[in-house]
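In what follows, a structure is listed as structure tokens, so that the remarks can point back to it.
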Protein chains: 2
Amino acid sequence: MDKINKIILAQLNPISADVEYNKNKTISAIKKAIEKKAKLIIFPELFLIGYPMGDVLTRYPYLADQCERALIEIAEISENIAVLIGYPEKNKEKFGKPYYNSVALIKNKKIEKIFRKTLLPNYSEHNDYRYFEPAKITPQNRIFELDGIKYGVIICEDGWNDFEFFDKNLYEIDPMAIVAPNADVILCPAASCSRAKKEQLKHNMMSYAAKKYGIKYIYVNQAGANDELVYDGTSRMYDEEGKLSAMAKSFEEELYEFVLDGKNEINPLIKGLELTLNSQKEFSLDHMPDIERTYVAIKTAISDYFSKNGFKRAVLGLSGGLDSTVCAVLLADALGAENVFGISMPSGFTTSQSKSDAQELAQNLGINFITVPIKDSVELLKEKYNTIFSDIEKSWDNRYKKSYTTDNIQARARSMILWGIANEFPQTLPIATSDKSELYMGYATINGDMSGGYAPIADVVKTKLFALARWMNENRAQKNAIPESIILKPPTAELAINEETGKILLAEDALMPYEFLDEVIWRIENLNQSKEDMLSADFLYEKKNNIDISVKKGWLDKFFKRLNSALYKWYIVPPSPVIDARSINKIEFKQPIVSNINYDK
Amino acid sequence: MDKINKIILAQLNPISADVEYNKNKTISAIKKAIEKKAKLIIFPELFLIGYPMGDVLTRYPYLADQCERALIEIAEISENIAVLIGYPEKNKEKFGKPYYNSVALIKNKKIEKIFRKTLLPNYSEHNDYRYFEPAKITPQNRIFELDGIKYGVIICEDGWNDFEFFDKNLYEIDPMAIVAPNADVILCPAASCSRAKKEQLKHNMMSYAAKKYGIKYIYVNQAGANDELVYDGTSRMYDEEGKLSAMAKSFEEELYEFVLDGKNEINPLIKGLELTLNSQKEFSLDHMPDIERTYVAIKTAISDYFSKNGFKRAVLGLSGGLDSTVCAVLLADALGAENVFGISMPSGFTTSQSKSDAQELAQNLGINFITVPIKDSVELLKEKYNTIFSDIEKSWDNRYKKSYTTDNIQARARSMILWGIANEFPQTLPIATSDKSELYMGYATINGDMSGGYAPIADVVKTKLFALARWMNENRAQKNAIPESIILKPPTAELAINEETGKILLAEDALMPYEFLDEVIWRIENLNQSKEDMLSADFLYEKKNNIDISVKKGWLDKFFKRLNSALYKWYIVPPSPVIDARSINKIEFKQPIVSNINYDK
């Protein structure tokens, strides 16, 4: 029965830079694999140090020693099994970066061979070349034999450079072309985070390579989240025809067991992972196809951020609006309803509908709820401010005729209450409820709604949040937890009156229609379009509504002007999970605050 | 007279990603150079896009087109002069990163030749390999001739890889060894930011290379600051014996004019730039040798951050303590006293000495000043909090017996006043006064003292701030602006009472002696030591004071424990100038918040 070549993919969730924790997890997985009489167990890339690792190796180089000592401990318990485990290996030569991104093969309780990564990604969330030396590759230094089968080792990015599959290639070497012709099976340890539309590309590419070389292709990915990056697991195997022949679960930890030749379990993808690439080329307001993935990714991100940091409770303001509502549901699902406290903090602008919506939502979710009116505090602060401002006006005589000061007092008073609660109760974090559409516009108050320990929806645009709310109402065990009126009413910060209408200022009046705004964001992130490109493009919103070109130009001008002053806010926004194909999350995108781009073209 | 080979080093201050602005600056400099009958004008590396550029090329690729169009405009006015100007050049091949880090040679109104950078730094604040393809180098593709002189072009990092000068080399190619033997003069456009102890290394290395190859070595650097990075200029020439034979001013913009053969002006270095490398190996509490550089760098950083972002005024809380005092002086010097507003915001813990110190400082500096007592607001907030907390306690029954909530209310109430003023008066930024020692310890209040539009001293440790205060008192035109009592009194946040002494809680009671704390930080940043290494090291503080090893161990344990919980604060700290050799500034160092490092070893 040994001949069936049972393999285990250790699709596990490491903690960044916690070598001891990751080592213990590794040892426990190997012991289980030995019990199950597996021949081989494969861990994700750099598993001992855990992705993403930031700059910890540079500042704390003894972490590499910790990893080396861990390897020895791991070897000691690895009897009757082969182990492939990723770790940062010290480069002891005169030349090059201080480390290699390596995978050790442990066999017969010894480190038998080391495989070193050649292609080092250094874009978006990846920084491999910052720490690692690209290794020279030969057919020999990437192959090992086990029971007569030749395994070739390809480490993550090493597999992403086929000269035919891609129109453009980042590197002049294709490791697959060197390794695959000399191997029977490709083993690919990876740490590949979930982003919109990435899974389909990954699938197409791996399937293409398996078929092209007539080879089995095995891929093992990390699970769980560290800070901003959520790893979607879905480790798998393709057969020699490029057909998917084994697949682990999405996002979750799993010791996935399968055989090289034979029938294996193919777990279904979380909906959203399978999105076709075509959808990348056109903007759509139909966000539903990506919603389940979005939901699971954010839930995983919250849950891991809290538990890995030793927190268990969240407190957030419940305004009765969409952003805080969606956050509350996600928090309740990630942390348990009893660990979430929703605070309704009505000011003079808060409608009774908003108040009752917030309360109804809390009741439906079963989260804790209190109301703390802030009207009196805001009035007091306004009075205090007025005295201060009059004093200052004596020296600085150009006080604004019309300012946002009062709007902001409300948001800041609320945040102060939330941080106070977090200071007073153990293991509690306040939540920043800003969404991506509004962050692009800088439509968020510093030390107000954009402040918190974590920002769950900072990479989700407003139109997608509506879809997420609808999807949660239909698909959570408890149906319709979100009151319909929250989904139906137009978004408003409820901070001011619209002087033209005399009614509450709606966000779309202050900004522009969200359907238009979200397409501008999409065009920047996915097509890298300039203002000029967009002016001549056909927006979905234009197809549905008659708008004058001067109105469109006005919106675009406003967008890019606001964008420029939003850069500071991006710099101080709390950590948030990366969700979209591209984002303004600091782990991926940085624009100098002083920069002054001409977005025209 | 043409034969004297007059050269101009355009040591200028670009704005990140403002191609139009940088182009106009370039054209105006070239016109002046033509008037002066210079043969050659050299601009810093990537001058048209401006360093640092962040990820703007990735997201807004049309900036590269803007640069190409700018080059053509520049060529049109470049009559009777050769121009060397840096820009991002599109890589049109199938392979590689999308751009080259290039320098164009413009002659006879035409782009005559393009030189491409080979060594791409990707460490600390540098991210070249994220965007640029490393160019293949030959003696031919780096040389041009002008009036019978052969100039070799070396772009910044290209010059930092001599195999003898350095014990370890990041790259296997040494461009200098390829170019220098075939050239008479080396021209090195650079963008090299100021950091403690970097200038001496740079000087030694360039002087070594000039002598080694018996060649003239000309280096031109950027001036001014963009966000966090301050460029120190000091463009220069070494002669064939490695002797400094021309040098521009430090930090300031200058069109520095000199001749290849003949006597040139050697401007003095700002004190601090010339620090010897030996001082890198040992910790010293004598910060004076680096103080002038620190002062000029921060002043430049503030001034450029404000002006490039369209701000002109700063408002800050004046507590009468060291941090806000040093910030106030720097702001007054960078922005003009009339543009600074100091607000004294005494609470119940503020001593009358602190109040009068703040007032005296403001008077001495001539900045605007008012007092806004916050005691009543804090009391009101405390009451409000108590009601809220009692309500919450009904659901969450583990309220802290002793919390920092009250301490934090004070800091947050103050910050709220500052942000309110910034919202109410045009072009005004509030200032975050946190220092580096306290940020390492997380000894800063979120949305409190660590909140602001800019954080001038976030990379300066406390013991160095004392030195800076003393130096400013001695060296500013107006002597002793800082009341001596501010420098003499022990630091305290004045937020709480020490229960043991019954007196105001001093920072050193809450943390540990600053002299010890600052050495721990220095050992991490400069020696990468672990807790174990430090336990067996001889600290300066230990030499001066008798302390038990258990006390030392207690401090180190506390340090690393606090460090781990400070990571979130580093993530949201406002932009601040990089000053030290290493820092926790986000542009250089990132550690995942969930990370859990065993700092023992």
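The values are calculated or read from the model by the stated rules, or taken from the named source; none is laboratory data. Remember, it's a predicted structure, so these values are computed and weren't measured experimentally. For neighbour counting, all protein chains shown are included, and Cβ atoms are generated from backbone atoms with ideal geometry for every residue, glycine included.
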**Report entry** Of all residues in the range B:525-550 being surrounded by 14 or more Cβ atoms within 10 Å (Cβ to Cβ) and away from chain A (no Cβ under 14 Å), the one that is farthest from B:Glu588 (Cα to Cα)
**Finding:** B:Ile547
Query raised in the report: Quick one: would you say A:Tyr568 is part of a helix (DSSP H, G or I), among the aromatic types (Phe, Trp, Tyr) and away from chain B (no Cβ under 14 Å)?
Result: no
Report summary line: The condition of being under 30 Å from A:Asn585 (Cα atoms) and over 26 Å from the mean Cα position of the chain (by Cα) holds, among A:Pro88, A:Pro121, A:Pro134, only for A:Pro134
Report task. Inspect the range A:585-593 for any residue being within 12 Å of another protein chain (Cβ to nearest Cβ), of a type in the set (A, V, I, L, M), touching a helix residue (DSSP H, G or I) at 6+ places or on another chain (Cβ under 9 Å) and within 25 Å of A:Leu465 (Cβ to Cβ) and give the result as yes or no. Result -> no
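Condition check ((1) exposed (fewer than 15 other Cβ atoms within 10 Å of the Cβ); (2) over 28 Å from the mean Cα position of the chain (by Cα); (3) within 11 Å of chain A (Cβ to nearest Cβ)) across all residues:
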residue	(1), (2), (3)
B:Ala358	no, no, no
B:Ile374	no, yes, yes
B:Asn398	yes, yes, yes
B:Ile409	no, yes, yes
B:Ala413	no, yes, yes
B:Lys436	no, no, no
B:Leu439	no, no, no
Requested in this report: Tell me, please, whether a residue that is at pLDDT below 95, more than 14 Å from every other protein chain (Cβ to nearest Cβ), within 25 Å of B:Ser451 (Cβ to Cβ) and touching a Leu at 6+ places or on another chain (Cβ under 8 Å) can be found in the range B:494-503.
Outcome: yes
Report task. Out of A:Ala10, A:Ala33, report the one residue that is over 26 Å from the mean Cα position of the chain (by Cα) and buried (at least 21 other Cβ atoms within 10 Å of the Cβ). Result -> A:Ala33
Report task. Consider only pairs whose beta carbons are under 7 Å apart and that are at least six residues apart or on different chains; among these, list those whose first residue lies in the range A:105-134 and is over 19 Å from A:Ile154 (Cβ atoms) and whose second residue is of a type in the set (Asp, Glu) and part of a loop (DSSP other than H, G, I, E, B). Result -> A:Lys109/A:Glu79; A:Ser124/A:Glu588; A:Glu125/A:Glu588
Query raised in the report: Listed residues A:Ile106, A:Ile155, A:Ile186, A:Ile111; which is surrounded by fewer than 19 Cβ atoms within 10 Å (Cβ to Cβ), at pLDDT 95 or above and in contact with a strand residue (DSSP E or B) (Cβ under 7 Å, 6 or more places away or on another chain)?
Result: A:Ile111
Query raised in the report: Is it the case that B:Ala210 is away from chain A (no Cβ under 14 Å), small (Gly, Ala, Ser), in contact (Cβ under 8 Å) with a residue 24 or more places away in the chain and within 21 Å of B:Ala248 (Cβ to Cβ)?
Result: yes
Query raised in the report: Restricting the range A:552-565 to residues that are of a type outside the set (D, E, K, R) and more than 9 Å from chain B (Cβ to nearest Cβ), which is nearest to A:Met534 (Cα to Cα)?
Result: A:Leu556
Query raised in the report: Which condition does A:Asn598 not pass, out of (1) surrounded by fewer than 16 Cβ atoms within 10 Å (Cβ to Cβ); (2) more than 22 Å from A:Asp459 (Cβ to Cβ), if it passes all the others?
Result: (1)
Report summary line: Note on B:Phe95: of the conditions (1) within 14 Å of another protein chain (Cβ to nearest Cβ); (2) farther than 22 Å from B:Tyr213 by Cβ; (3) crowded, with 19+ Cβ neighbours inside 10 Å, unmet is (3)
**Report entry** A:Phe311 within 20 Å of the chain's Cα centre (by Cα), within 14 Å of chain B (Cβ to nearest Cβ), aromatic (Phe, Trp, Tyr) and outside any helix (DSSP H, G or I)
**Finding:** yes
Query raised in the report: Quick check, is A:Glu172 closer than 25 Å to B:Pro98 by Cα, crowded, with 21+ Cβ neighbours inside 10 Å and within 14 Å of chain B (Cβ to nearest Cβ)?
Result: no
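Results for (1) touching a Leu at 6+ places or on another chain (Cβ under 7 Å); (2) in contact (Cβ under 8 Å) with a residue 40 or more places away in the chain, shown as yes or no for each residue.
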site: B:Tyr295; (1), (2): yes, yes
site: B:Leu322; (1), (2): yes, yes
site: B:Phe341; (1), (2): no, yes
site: B:Ser347; (1), (2): no, yes
site: B:Val378; (1), (2): no, no
Query raised in the report: Residues that are farther than 24 Å from A:Leu439 by Cβ: which helices (runs of 4 or more DSSP H) entirely in the range A:450-559 hold 1 or more of them?
Result: A:462-475, A:484-488, A:531-536, A:540-544
Requested in this report: Just need a number here: residues in the range A:49-77 that are surrounded by 20 or more Cβ atoms within 10 Å (Cβ to Cβ), under 21 Å from the mean Cα position of the chain (by Cα) and assigned to a loop (DSSP other than H, G, I, E, B).
Outcome: 6
Query - Matching residues in the range A:571-584 - criterion: being more than 8 Å from every other protein chain (Cβ to nearest Cβ) and either in a helix (DSSP H, G or I) or farther than 18 Å from A:Asp518 by Cα (or both) - result: A:Ser576, A:Pro577
Report summary line: Here the residues within the range B:293-347 that are crowded, with 24+ Cβ neighbours inside 10 Å and at positive phi are B:Gly320
Query raised in the report: Is there a residue being surrounded by fewer than 21 Cβ atoms within 10 Å (Cβ to Cβ) and closer than 30 Å to A:Arg412 by Cβ anywhere in the range B:512-522?
Result: no
Report summary line: Within the range B:376-391, residues within 9 Å of chain A (Cβ to nearest Cβ) and of a type in the set (Gly, Ala, Ser) come out as B:Ser377
Report summary line: Among the residues of the range B:36-48, the number that are assigned to a loop (DSSP other than H, G, I, E, B) and within 29 Å of the chain's Cα centre (by Cα) is 6
Query raised in the report: Going by the structure shown, is B:Tyr87 among the hydroxyl-bearing types (Ser, Thr, Tyr), within 14 Å of chain A (Cβ to nearest Cβ) and without any contact (Cβ under 8 Å) to a residue 60 or more places away in the chain?
Result: no
Query - Odd one out for B:Thr325, checked against (1) closer than 21 Å to B:Ser576 by Cβ; (2) assigned to a helix (DSSP H, G or I); (3) within 14 Å of chain A (Cβ to nearest Cβ) - result: (3)
